[in-house]
Amino acid sequence: MAAMDADILDHALSDRAVEMARDAVGLPAGARVVVAMSGGVDSTVTAALLARAGYDVVGVTLQLYDHGAAIAKKGACCAGQDILDARMAAERIGIPHYVLDYESRFKEQVIEEFADAYLRGETPIPCVRCNQTVKFRDLLDVARDLGAEAMATGHYVQRGMSGNRPQLRRAGDPSKDQSYVEANGPFTGKLTE
(Lines give C-alpha, C1' and ligand atoms only; values in the text may rest on other atoms or scores of the structure.)
Protein backbone atom coordinates (compact mmCIF):
# COMPACT_ATOMS: atom_id res chain seq x y z
CA MET A 1 0.00 0.00 0.00
CA ALA A 2 2.82 2.42 0.75
CA ALA A 3 3.54 2.76 -2.94
CA MET A 4 -0.09 3.47 -3.87
CA ASP A 5 -0.07 6.30 -6.36
CA ALA A 6 -2.27 9.35 -5.59
CA ASP A 7 -3.87 9.07 -9.06
CA ILE A 8 -4.96 5.49 -8.35
CA LEU A 9 -6.51 6.50 -5.03
CA ASP A 10 -8.25 9.51 -6.62
CA HIS A 11 -9.66 7.29 -9.39
CA ALA A 12 -10.99 4.84 -6.80
CA LEU A 13 -12.68 7.75 -5.03
CA SER A 14 -14.85 8.80 -7.95
CA ASP A 15 -18.18 10.43 -7.15
CA ARG A 16 -20.02 7.25 -8.16
CA ALA A 17 -17.88 5.10 -5.85
CA VAL A 18 -18.45 7.52 -2.96
CA GLU A 19 -22.21 7.41 -3.58
CA MET A 20 -22.13 3.61 -3.62
CA ALA A 21 -20.29 3.66 -0.29
CA ARG A 22 -23.00 5.90 1.20
CA ASP A 23 -25.69 3.52 -0.06
CA ALA A 24 -23.86 0.50 1.35
CA VAL A 25 -23.44 2.01 4.81
CA GLY A 26 -26.95 3.40 4.95
CA LEU A 27 -26.17 5.82 7.77
CA PRO A 28 -26.16 9.61 7.76
CA ALA A 29 -22.92 11.49 7.13
CA GLY A 30 -21.01 11.99 10.34
CA ALA A 31 -21.78 8.51 11.68
CA ARG A 32 -18.70 6.78 13.06
CA VAL A 33 -17.45 3.79 11.05
CA VAL A 34 -14.50 1.67 12.15
CA VAL A 35 -12.49 0.23 9.26
CA ALA A 36 -10.35 -2.86 9.79
CA MET A 37 -7.19 -1.84 7.94
CA SER A 38 -4.73 -4.51 6.84
CA GLY A 39 -2.32 -2.17 5.11
CA GLY A 40 -3.50 -3.39 1.72
CA VAL A 41 -5.19 -1.55 -1.11
CA ASP A 42 -8.74 -2.83 -0.51
CA SER A 43 -9.09 -1.74 3.13
CA THR A 44 -7.30 1.53 2.35
CA VAL A 45 -9.71 2.36 -0.47
CA THR A 46 -12.63 1.40 1.80
CA ALA A 47 -11.42 3.81 4.50
CA ALA A 48 -10.80 6.57 1.95
CA LEU A 49 -14.22 6.12 0.32
CA LEU A 50 -16.01 6.27 3.66
CA ALA A 51 -14.03 9.34 4.74
CA ARG A 52 -14.79 11.09 1.46
CA ALA A 53 -18.47 10.12 1.89
CA GLY A 54 -18.51 12.17 5.09
CA TYR A 55 -18.29 9.46 7.73
CA ASP A 56 -16.25 9.75 10.91
CA VAL A 57 -13.80 6.99 10.01
CA VAL A 58 -11.44 5.34 12.50
CA GLY A 59 -8.86 2.85 11.24
CA VAL A 60 -7.98 -0.16 13.36
CA THR A 61 -5.23 -2.71 12.71
CA LEU A 62 -4.57 -5.84 14.74
CA GLN A 63 -1.04 -6.88 15.62
CA LEU A 64 -1.27 -10.65 15.94
CA TYR A 65 2.41 -11.41 16.31
CA ASP A 66 5.74 -9.66 16.36
CA HIS A 67 8.53 -12.05 15.52
CA GLY A 68 11.83 -10.90 14.08
CA ALA A 69 11.54 -11.74 10.38
CA ALA A 70 7.89 -10.62 10.21
CA ILE A 71 8.83 -7.05 11.09
CA ALA A 72 10.03 -6.15 7.59
CA LYS A 73 8.03 -8.76 5.68
CA LYS A 74 5.16 -7.52 3.53
CA GLY A 75 1.97 -9.61 3.50
CA ALA A 76 2.67 -11.10 6.92
CA CYS A 77 -0.98 -10.59 7.97
CA CYS A 78 -1.32 -8.31 10.94
CA ALA A 79 2.38 -7.78 11.58
CA GLY A 80 5.40 -5.80 10.49
CA GLN A 81 5.31 -3.77 7.31
CA ASP A 82 1.56 -4.21 6.85
CA ILE A 83 0.92 -2.39 10.14
CA LEU A 84 3.21 0.45 9.05
CA ASP A 85 1.43 0.61 5.68
CA ALA A 86 -1.96 0.83 7.41
CA ARG A 87 -0.71 3.60 9.67
CA MET A 88 0.71 5.58 6.72
CA ALA A 89 -2.50 5.09 4.72
CA ALA A 90 -4.63 6.36 7.61
CA GLU A 91 -2.37 9.38 7.96
CA ARG A 92 -2.65 10.11 4.24
CA ILE A 93 -6.45 9.82 4.38
CA GLY A 94 -6.52 11.99 7.49
CA ILE A 95 -8.19 9.58 9.90
CA PRO A 96 -7.19 8.34 13.35
CA HIS A 97 -5.59 4.89 13.42
CA TYR A 98 -5.10 2.46 16.27
CA VAL A 99 -2.95 -0.67 16.42
CA LEU A 100 -4.28 -3.24 18.87
CA ASP A 101 -1.91 -5.82 20.38
CA TYR A 102 -3.88 -9.05 20.07
CA GLU A 103 -0.92 -11.42 20.13
CA SER A 104 -2.05 -13.30 23.26
CA ARG A 105 -5.65 -13.59 22.00
CA PHE A 106 -4.40 -14.87 18.64
CA LYS A 107 -2.22 -17.48 20.32
CA GLU A 108 -4.98 -18.62 22.66
CA GLN A 109 -7.94 -18.59 20.27
CA VAL A 110 -6.27 -19.56 17.00
CA ILE A 111 -2.79 -21.06 17.30
CA GLU A 112 -3.46 -23.36 20.26
CA GLU A 113 -6.66 -24.66 18.67
CA PHE A 114 -4.83 -25.09 15.34
CA ALA A 115 -2.08 -27.14 17.02
CA ASP A 116 -4.61 -29.30 18.90
CA ALA A 117 -6.60 -29.98 15.71
CA TYR A 118 -3.42 -30.82 13.81
CA LEU A 119 -2.42 -33.29 16.53
CA ARG A 120 -5.85 -34.94 16.16
CA GLY A 121 -5.04 -35.54 12.49
CA GLU A 122 -7.31 -32.80 11.18
CA THR A 123 -6.42 -30.21 8.56
CA PRO A 124 -7.40 -26.94 10.23
CA ILE A 125 -7.54 -23.61 8.46
CA PRO A 126 -6.32 -21.06 11.02
CA CYS A 127 -7.39 -18.04 8.95
CA VAL A 128 -11.05 -19.06 9.17
CA ARG A 129 -10.85 -19.43 12.96
CA CYS A 130 -9.02 -16.11 13.23
CA ASN A 131 -11.70 -14.37 11.18
CA GLN A 132 -14.47 -15.89 13.32
CA THR A 133 -12.90 -14.85 16.60
CA VAL A 134 -10.01 -12.45 16.91
CA LYS A 135 -10.49 -10.42 13.75
CA PHE A 136 -14.22 -9.96 13.48
CA ARG A 137 -15.84 -10.80 16.81
CA ASP A 138 -13.27 -8.85 18.78
CA LEU A 139 -13.15 -6.01 16.24
CA LEU A 140 -16.92 -5.61 16.51
CA ASP A 141 -16.46 -5.16 20.26
CA VAL A 142 -13.75 -2.55 19.64
CA ALA A 143 -15.98 -0.75 17.15
CA ARG A 144 -18.77 -0.60 19.72
CA ASP A 145 -16.33 0.65 22.37
CA LEU A 146 -15.27 3.42 19.99
CA GLY A 147 -18.89 4.47 19.52
CA ALA A 148 -19.12 3.25 15.93
CA GLU A 149 -22.42 2.57 14.25
CA ALA A 150 -20.82 0.35 11.61
CA MET A 151 -17.66 -1.57 10.82
CA ALA A 152 -16.17 -2.03 7.37
CA THR A 153 -13.41 -4.11 5.82
CA GLY A 154 -11.92 -4.38 2.35
CA HIS A 155 -13.44 -7.82 1.73
CA TYR A 156 -15.38 -8.49 -1.46
CA VAL A 157 -18.91 -9.50 -0.44
CA GLN A 158 -22.44 -8.31 -1.01
CA ARG A 159 -24.93 -7.52 1.72
CA GLY A 160 -28.55 -8.50 1.56
CA MET A 161 -31.48 -9.21 3.80
CA SER A 162 -33.17 -12.47 4.66
CA GLY A 163 -36.44 -11.36 6.18
CA ASN A 164 -35.35 -8.75 8.68
CA ARG A 165 -31.86 -10.18 9.22
CA PRO A 166 -28.73 -8.95 7.44
CA GLN A 167 -27.07 -11.52 5.25
CA LEU A 168 -23.68 -11.77 3.54
CA ARG A 169 -23.71 -12.95 -0.06
CA ARG A 170 -21.13 -13.79 -2.68
CA ALA A 171 -19.42 -10.87 -4.38
CA GLY A 172 -20.63 -9.72 -7.78
CA ASP A 173 -17.26 -10.74 -9.24
CA PRO A 174 -16.81 -14.46 -8.45
CA SER A 175 -13.06 -14.24 -9.01
CA LYS A 176 -12.77 -11.79 -6.09
CA ASP A 177 -15.42 -13.31 -3.80
CA GLN A 178 -14.39 -13.45 -0.13
CA SER A 179 -17.76 -14.26 1.42
CA TYR A 180 -16.32 -17.57 2.67
CA VAL A 181 -13.96 -15.56 4.90
CA GLU A 182 -16.83 -13.86 6.69
CA ALA A 183 -19.51 -16.56 6.29
CA ASN A 184 -19.41 -17.76 9.89
CA GLY A 185 -18.57 -14.40 11.41
CA PRO A 186 -20.51 -12.58 14.10
CA PHE A 187 -22.27 -10.10 11.83
CA THR A 188 -25.42 -8.67 13.30
CA GLY A 189 -26.17 -5.51 11.35
CA LYS A 190 -25.98 -2.18 13.14
CA LEU A 191 -23.58 -1.93 16.05
CA THR A 192 -25.73 0.40 18.11
CA GLU A 193 -29.34 0.03 19.13
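The values are calculated or read from the model by the stated rules, or taken from the named source; none is laboratory data. Keep in mind it's a predicted model, so treat the numbers as computed, not measured. Counting neighbours? That spans all protein chains shown, and the Cβs are built from the backbone with ideal geometry, glycine included.
Within the stretch 4-23, the set of residues being at pLDDT 60 or above and of a type in the set (Asp, Glu) comprises Asp7, Asp10, Asp15, Glu19, Asp23. One residue stands out in the stretch 82-139 among those that are of a type in the set (A, V, I, L, M) and in contact with a strand residue (DSSP E or B) (Cβ under 6 Å, 6 or more places away or on another chain): the one that is farthest from Asp42 (Cα to Cα), namely Leu100.
Phe114 meets all of the listed conditions (1) in contact with a helix residue (DSSP H, G or I) (Cβ under 8 Å, 6 or more places away or on another chain); (2) within 21 Å of Met37 (Cβ to Cβ); (3) at pLDDT 80 or above; (4) buried (at least 16 other Cβ atoms within 10 Å of the Cβ) but one, namely (2).
Of all residues being of a type outside the set (Gly, Ala, Ser) and under 13 Å from Thr153 (Cβ atoms) in the stretch 58-77, which is modelled with the highest pLDDT? Just the residue, please. Looking at the filtered set, the residue picked out is Val60. Remark: Asp82 falls outside the filter, which requires a residue to be under 21 Å from Gly39 (Cβ atoms), under 18 Å from the mean Cα position of the chain (by Cα), surrounded by fewer than 21 Cβ atoms within 10 Å (Cβ to Cβ) and modelled with pLDDT under 85.
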